[in-house]
Every structure is written in structure tokens, then in C-alpha cells.
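J.: Have a look at the structure that comes next, please.
Nothing in this text is a laboratory measurement; each read-out follows from the coordinates by a stated rule. Everything numeric in this text was worked out from a predicted model, so none of it was measured. Neighbour counts are summed over all protein chains in view; Cβ atoms, including those assigned to glycine, are modelled from backbone coordinates with ideal geometry.
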């Protein structure tokens, strides 16, 4: 069953059409990469899934139910979210940040959830839990952000350029951590990237977007064979050899 | 940290509510036992005459509240019409020319009859019998300058005025019966005209910064500074007979007190008045004491003089003492009064600041949600800020009367912008990425505000409060002009009496208070700064 699906999604910002009748669907356990240049509508599409953006047309279903009929706050607490700059709360410790969603849900074991999540994201909770975000490197901060997203054990994870601001080595490490985490927890994920190589490395499926439309949607394994035109250009720019 | 702020706001309100009723004179038209409000203009003779009225009324068993140096003619007229004050010393010539806008015609009796009639018809005010002396404008020059130029009368200025600099009180410059009328009547055009307060005018002419000044014919300083008064040989200035001017409410409610003041009529002659002025202006003796002596000298005393000199004998000013060494002594002698003024000052600041915080912080938070309104709102608050403080205080009088309430309202309006602007920008700039992530993970708007935005904005908001507080401590000194009290009282009185020590005894504590408030709130800024945000904090 598709855990996430968008049907004929339309979004306008004034005169520009950010989403021009987009449809995608992500099966349980899959990981979809939304790839495209800036302004292609990929972030808008991602944000429509947990109702950070409201569509002007079409509909979004999460776990089979239209998001418009779900309570936005409850919906968001049930979906992990990671953004490019981490967006950690600066005056909270890393443990407090990681425990955010379990504590919002009122779970008595919120701190334990946070500690486990930090560990799963590759950070020793005893060492990093009491530090403030600014005392961590960029890569470590992004790991805290991932820990925060998965601490309450969501079945869905959304990520907006999660590794985009990291240097090459840190990025590869963070990607590996994420791949391991997702596969062991069986999480369904959808993430935005402009890097085809990253999409191929991390995702099970790839959707290529351009000017508010999906130009190609294929399993990751078939991408290289089926990419033509714009998608092939993107592949080439990302340094993936055909 | 939001708790700290609300606690401070709550504390200030409690304080304000407890103290304001006691601090503001209860003004109830029906209350026959209320004190009689006696006001004066801000110069020595007016202070003296008001004090004479007050002491004479008190000797007859009336309760009196003093509003010395209340303001110039326009402000006093507004307050009289509004029933905020009962009586003050006025001059018939001022009433005729400055208030009624008529030119002089006839002698003293004619002018008195004219102003009596018009004031009665227009405002129900009554001119009580003139006190017995005239204090007309006197145009004066340094004696040596007048001698060397051979000038004796105003008509002698016509030919030479283009080489002279005139220094006149703002009051005199702006009036038809003042400089403009004088210039027209005598064809005088000065090379330059400067606006000078009473407090500095004599020094200015002594140092030669100006050549011609306006003085009063009963001025004690004319002889001290060796000036020559030029004769008004074309009879330009109207007669300026001094008399108590009584408001409508005062006449209706307290005919017995009117009767008492009537007994002052014709009792004070020009030489008695000039002597009394000299004692205050030249010898620097306290107004209370000199007024009591004046009453005794004209046969209306009754032991008051002795009593007054005993109570304030220690406060005699030593005119030759350097200001800096006289200041600590004067402040120590008046410590009781000083403490009262500081407390009163703080009440004005704390009450206005508390109200501004209670309004501006929530408004700043709301504006972040409705950014379209933010520009307009901040502009309006900005415009309020640009109104000169003394003008804003004057605008308050028709609405709120005089005293602490209008002062607190004016200071409140001044405090709005810094707090509002800092709250708004503080909230907007509080880690927008963290706010976005918090929202995406299911924090409610309220949780975002209470747990991320306000704590991060707290130091910025606190900085706005600090700015407002420091501005308020300074501006509150001006509130003395509308009878709000505080550390402005000695400043206003000192300016009127040309007494630098008295000015400083208000100005120095006000400056110290501003520094203390600034230091204290800077500490508070550090205390409310959230952990983990910036190095070296907390």
C-alpha cells in the first residue's frame, strides 16, 4: 500500500505555478528522492506531505487518508522531518532537541527515546547530550537533527536537502548512517536533493522534477538506463557516468 | 525569563496603583475641604507672590497646595479653564496683550477694568484687587554701554540697533506686545536676536554676549548687574499691575478664601517687591522665608516669618560659594525632600514603563503574526516618539489635567516604540530555522512562541525596555512643568530662580538615576539571555 501519495497536486505562488499537476506515490518501506534544480517545486511538494504547504488543487494522502482531514499538529508529530540547516533549537541541549517529539507527545520516556535516537544517529548520548548545538560541528548537528526526526519512532521520514551543507566526507558518513537507520527501522522516506549521485546512493526510487512537473519517476536501479533529456543532463552534472 | 518580565510588569503596576492616588492631588469640585491650588509662573517674583498667597491663606486656616513654576501664561490659562488650579499671580498688561490680544489704552485703572470685564465674560475668572505695584517690561543695557552710546530711552535705540544683539526671554519674543510690537513702535531692528531663559540672561549681558535684554522693572538683578533701564518714551508697554487671578470654580466654592486674598490688595508697593526679589535673586535666600518676611513687612505677617526662617534657616544659599562644594551640602540638607523626589520620579518611570511593557510586548508578538500591520504600527509609535517631550506633556493637559497622570501617559507613549520595535524584531529574528523545524515536527504556534521565540528574543526585548527606561528617567524631569513632581522640581525652580546649585540638585540625581537604571537593566539583559546561544553570557 502507498503510505504517501500526491494526486494532481497544484500550488501557485502569485503568478508562478510551483506545482503543475504532480502525482507521486511512495510504497511502505521505499525511499523516494525528489531531484531537480532550484525552483523545480521539489521542496514545495515535500512540504505538502506534512501540510506545511497547503495545495491549491489535487490532494495529498498519508496512510491512505487525505491530510486536509487530519489534524496538522498530530500529523506532523507522526512524521519525522529534517531540514538542510538542521534547525536545531539553539538554547536547548542536544538531548532536549532529540527528545522534542516524544516530549510533545507526552511520553514519560521522552529522554530515553532521545538518548536512543542520538546513539542510532552515531552520537554518544553521554558525550553529546548535554552540549548545546553551537558546540557541535555541522555534521554532528545534522546527526542531532536526524536523531530528533526519528526519536518518536515515526514510520515516515521527510528530509529537505539533509546532507546538502556538509563537506564530501562528512556527507558520505551521514548518508551511510541514514541508509542503515532507515533499513533497520523499515521507515518510508521521501527526501529532496539536487544531487543525482546522492539520490542513486540513498534512494530506492527517484522522481526528477522540472518547472513544477515530474519528468521521470523510476526505481533507482532503472534510472541510468531510462534517463533521457533533462534527467540525463542532471545525471551528467552530478558526475554519474552513463 | 518570560516569568521574570511579567513579574516585573506586575510589580510595577501594583506599585503604581498603590501610590498614584496618594501622589495625585484629589481634584473634586464638590469637595469643600480640598486644598486650594496656588500656582505661579516660573520666575522669582511669581514664585514669591504665589508663596505670599499660600502663606496668607494658610494663616487664615485654609489648606493650600502649591504648584510653583507651573508654566507660562498659556499653560496657566488652560489649567485655570480646566479647573486644575485655583489662583495665581498675573499682570494686567499680560492679560490685556498676551491673552486678549488688545493694545494698551488708558492707564492702570482702564486696563484693570478691561481685563476684569473680558475674563469674567469669557471664562468666569476674576481679577482680585491689584497688589499695589507694577512690574512692567524694562529694556535694559549695560550701564557703561548705554553711557558710551549715549542712549537713555528706547527711541535712542532706533538708529543704533543694527549694531546690537538682543537677548530676550522666549515669552517676550513670541508676543505681539513683546519684541514684535516694540520693534514696530520704535522702528528697532537688532542685528541678531537670541532666545534666552531668565536663568542665563543676566550672565549673558554681563559677559557681553548680548547688548540688550528684556527685564522686569521690579527685578532685583538690575542693580546687581549694573544695568540701565531705557525709558519707554513712547508709552509702548501697557501697565502691568500684579493681581491674584481667581478661577470660576474657586470663586463659586470658596468665597471665604477670595475674601482673604482681597485683603492683599494695595498692600505691596514696588519698593517692598523689589527688595523681596533681591533677597531671592541676588542673595539666594529661600522663597518661603522671603515671602514670610514680605508679609510681615506689609503688616500682614503674624509670626510666620520667624517660623519660616527657623525651619529653613539652614538652607540659606551662600551665593559666593562655588557650585560644586555647595551642591553636596544643599543635597544633604534637603535629603528628606530629595528622597521624596527620587521616589516620586521612580513612580513616574516605573508606572509608565510597566504600562508600556504590558501593551508593547503583546503587541509586538501579535505584529509578527500580522506583518502587514507592523509597518503602520511602528510608524505611528515612531511619530509619537518624534513629538517634543514638552509639547507632548502640554497636549496631555486638556485631556488628563495636570499632575502625575498626564505625565505617566506621556512617558508611556514615549516608551512604546523602543519596546515594540525590539519585541517585533526580536521575535522575527529568533532562530527562524529552529522555529520552522519546530513547526514541522508538530509544535503548536503557542509552543513555538513560549519555548523558542520569547526566550530567544528576551535579551532583545530587555534592551528595548532598557532604552525606554533611560529615556523615561530623563524625560520625567520635564514632567515637573505640568506639576507631576519628581527630580524636575528643583530643576524648574532653579532655572526660574537662576540658582545653579538648585538646578544641579535635581539634575545630578536624575543623571545618577539614569546611569543606575541603565546598569541594572544591562544586568537584567544578561540574566534573561538563554543558555547556549552566545559565548560569555551567563
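J.: Put a dot 7 Å past each Cα toward the Cβ at residue A:105 and residue A:238; how far apart are the dots in nm?
T.: Output for this residue pair reads 3.1 nm.
J.: When B:531, A:42, B:201 are ordered from fewest to most other Cβ atoms inside 10 Å of their Cβ, what list results? Don't jump to the answer; show the numbers that get you there.
T.: Values: B:531 13, A:42 30, B:201 24.
Fewest to most other Cβ atoms nearby, the residues stand as B:531, B:201, A:42.
J.: Moving on to the next point. Sort B:265-277, B:346-358 for me by packing, meaning the mean count of neighbouring Cβ atoms within 10 Å per residue, highest on top. Intermediate values should be presented prior to the final figure.
T.: Working: B:265-277: 18.1, B:346-358: 24.5.
So the order, starting with the most tightly packed, is B:346-358, B:265-277.
J.: If I build a Gaussian network model for chain A, linking alpha-carbon pairs within less than 10 angstrom, which residue out of A:145, A:98, A:110 has the largest mean-square fluctuation?
T.: A:110
J.: What span do the alpha-carbon atoms of the protein assembly as shown cover on each of the three principal axes, reported in whole Å from largest to smallest?
T.: So the extents along the principal axes, rounded to whole Å, are 116, 55, 50.
J.: Would you calculate the separation in nanometres between label points at residue B:59 and residue A:225, each defined as 7 Å from the Cα along the Cα-to-beta-carbon direction?
T.: 12.0
J.: Shifting gears a bit: Taking the DSSP beta bridges in the stretch A:99-242 as the whole, what percent of them are antiparallel, to the nearest 5? Write out the running numbers ahead of the final one.
T.: Numbers: 6 of 11 bridges.
Taking every DSSP beta bridge within the stretch A:99-242, about 55 percent pair in antiparallel fashion.
J.: Could you tell me whether chain B comes out rounded, prolate or oblate from its Cα gyration tensor? Rule is a ≥ b ≥ c as square roots of the eigenvalues, rounded for a/c under 1.5, then prolate if a/b exceeds b/c, otherwise oblate. Spell out each step's value before the answer.
T.: Numbers: a/c = 2.13, a/b = 1.89, b/c = 1.13.
It comes out prolate by the Cα gyration axes.
J.: Return one number: the angle in degrees, 0 to 90 and rounded to the nearest 10, between the long axis of the Cα atoms of helix B:2-23 and the longest principal axis of the Cα atoms of chain B.
T.: 30
J.: Hey, another quick one. What is the diffusion coefficient of the stretch B:220-296 in µm²/s, taking the Kirkwood radius over Cα pairs and the Stokes-Einstein relation at 4 °C with a viscosity of 1.567 mPa s?
T.: Numbers: Rh = 15.3 Å.
In µm²/s, the coefficient rounds to 85.
J.: How would the stretch B:137-230 be classified by its alpha-carbon gyration tensor: rounded, prolate or oblate, with rounded meaning a/c under 1.5 and the a/b versus b/c comparison settling the rest? Walk me through the intermediate numbers first.
T.: Working: a/c = 1.43, a/b = 1.08, b/c = 1.32.
Verdict is rounded for the stretch B:137-230.
J.: Follow-up. Between the stretch A:213-233 and the stretch A:4-75, what is the C-alpha centre distance in whole Å?
T.: Answer, in whole Å: 20.
J.: If you stretched the chain out fully between residue B:123 and residue B:359, how much longer would it get, using 0.36 nm times the residue separation minus the C-alpha to C-alpha distance?
T.: Details: separation 236, 0.36 × 236 = 84.96 nm, distance 3.89 nm.
In short, 81.1 nm is gained.
J.: What fraction of the DSSP beta bridges in the protein assembly as shown is antiparallel, stated in percent and rounded to the nearest 5? Write out the running numbers ahead of the final one.
T.: Numbers: 39 of 69 bridges.
Here the share of antiparallel DSSP bridges comes out near 55 percent.
J.: Residues of A:77-84, mean number of Cβ from any other protein chain within 10 Å of their own Cβ, rounded to a whole number?
T.: Details: counts 3, 1, 3, 2, 7, 3, 5, 1.
Average neighbour count from other chains, rounded to a whole number: 3.
J.: What ranking do A:129-135, B:514-520 get when scored by the average of other Cβ atoms within 10 Å per residue, highest first? Intermediate values should be presented prior to the final figure.
T.: Working: A:129-135: 16.7, B:514-520: 14.1.
By packing density, highest mean first, the sequence is A:129-135, B:514-520.
J.: Evaluate the relative contact order of the stretch A:88-154 (contact order divided by residue number), counting alpha-carbon pairs under 8 angstrom at least 6 apart; express in whole percent. Can you show the working numbers first?
T.: Details: 104 pairs, mean separation 30.0, N = 67.
About 45 percent, as a whole number.
J.: Roughly speaking, what is the stretch gain from residue B:180 to residue B:159, that is 0.36 nm per residue apart minus the C-alpha to C-alpha distance, in nm to one decimal?
T.: Numbers: separation 21, 0.36 × 21 = 7.56 nm, distance 1.71 nm.
Answer, rounded to one decimal: 5.8 nm.
J.: Using 0.36 nm per residue, how much length does the chain from residue A:56 to residue A:68 gain when fully extended, once their Cα-Cα distance is taken away?
T.: On the way: separation 12, 0.36 × 12 = 4.32 nm, distance 1.17 nm.
In short, 3.2 nm is gained.
J.: In whole Å, how far is the Cα centre of the stretch B:352-383 from that of the stretch B:419-476?
T.: 12
J.: Classify the stretch A:16-90: rounded, prolate or oblate, from the alpha-carbon gyration tensor (a ≥ b ≥ c, eigenvalue square roots; a/c under 1.5 rounded; otherwise prolate if a/b is larger than b/c)? If you can, show how the numbers build up before the last one.
T.: On the way: a/c = 1.35, a/b = 1.03, b/c = 1.31.
Rounded, since a/c falls under 1.5.
J.: Now for a different question. What angle do you read, to the nearest 10 degrees and between 0 and 90, between the alpha-carbon axis of helix B:287-297 and the longest principal axis of chain B?
T.: So the inclination is approximately 20 degrees.
J.: Go ahead and estimate [θ] at 222 nm for the protein assembly as shown from helices alone: -39,500 (n - 2.57) per DSSP H run with n ≥ 4, summed, over the residue count, rounded to 500. Before the final figure, lay out each step's value.
T.: Values: 35 runs with 401 residues, N = 780.
Calculated from helices alone, the mean residue ellipticity at 222 nm is -16000 deg cm²/dmol.
J.: Calculate, for residue B:296 and residue B:383, the FRET efficiency according to 1/(1 + (r/R0)^6) with r their C-beta to C-beta distance and R0 60 Å; round to the nearest 0.05. Don't skip to the end; give the middle numbers.
T.: Values: r = 54 Å, r/R0 = 0.90.
My answer for the efficiency is 0.65.
J.: As an exercise, use a Förster radius of 41 Å and the Cβ-Cβ distance of residue A:176 and residue B:444 to find the FRET efficiency, rounded to the nearest 0.05. Walk me through the numbers on the way to the answer.
T.: Details: r = 35 Å, r/R0 = 0.86.
Approximately 0.70, to the nearest 0.05.
J.: Restricting to chain B, what percent of DSSP beta bridges are antiparallel, rounded to 5?
T.: Details: 17 of 29 bridges.
Bridges in chain B are about 60 percent antiparallel.
J.: How do A:48-56, B:481-489, B:139-147, B:116-124 rank on mean C-beta neighbours within 10 Å, highest first? Each step should come with its number before you reach the end.
T.: Numbers: A:48-56: 19.8, B:481-489: 26.4, B:139-147: 17.9, B:116-124: 14.4.
Top of the packing list down: B:481-489, A:48-56, B:139-147, B:116-124.
J.: In addition: Mind checking the angle between helix B:323-333 and chain B's longest principal axis? C-alpha axes, 0 to 90 degrees, to the nearest 10.
T.: For helix B:323-333, the angle is close to 80 degrees.
J.: Another question, then. If you split all Cα-Cα distances of the stretch A:88-154 into 5 Å bins from zero, what percentages do you get per bin, shortest first?
T.: 4, 24, 35, 25, 10, 2, 0
J.: Using a 10 Å cut-off around each Cβ, can you sort B:289, A:161, B:281, B:102 from fewest to most neighbouring Cβ atoms?
T.: The order, fewest Cβ neighbours first, is B:102, A:161, B:289, B:281.
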